[in-house]
1. Looking only at region 42-59, how many residues end up being surrounded by 10 or more Cβ atoms within 10 Å (Cβ to Cβ), in a helix (DSSP H, G or I) and not β-branched (Val, Ile, Thr)?
2. In region 60-102, which residues are surrounded by 15 or more Cβ atoms within 10 Å (Cβ to Cβ) and within 15 Å of residue 32 (Cα to Cα)?
3. Under the condition of being hydrophobic (A, V, I, L, M, F, W, C) and surrounded by 12 or more Cβ atoms within 10 Å (Cβ to Cβ), which residue from region 24-41 is farthest from residue 90 (Cα to Cα)?
Amino acid sequence: MNRGECEQRLAACRAEIDEIDRELILMMNRRTRVVEEIGRLKQHLKLAIYEPRREDQVFENVLSANGGPLSNDAARRIFERIIDEMRTVQRNRMIERGEKDE
């Protein structure tokens, strides 16, 4: 492959990454909307935001679906971060709803 072909392929790969990133953000926002509903239900049921057993189930689900090339350790770290952010969303929404009820 010559330099021009490599540069074209690089540009195509970057365009593909941009599209994947747009899909990922749509999926993350879809996940966030579901997490917000879970938070409403937990608040109504007076359940804790942090549920270690449920988080273990999420990791198990994700890792069992991981066919690589992303390592399971990397996938777990990514989902640890996602779960942490989702917990923050739930906590913030619960606080907002609590303030509205006052």
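1. Of the residues in that region, 7 qualify.
2. 79, 82, 83, 86, 87, 89, 90, 93, 94
3. It comes out as 28.
Readers should treat all values here as calculations from the given coordinates under stated rules, not as data from a laboratory. Model, not experiment: these values are computed from the prediction. Positions of Cβ are generated from backbone atoms using ideal geometry, with glycine treated the same way; all protein chains shown enter the neighbour counts.
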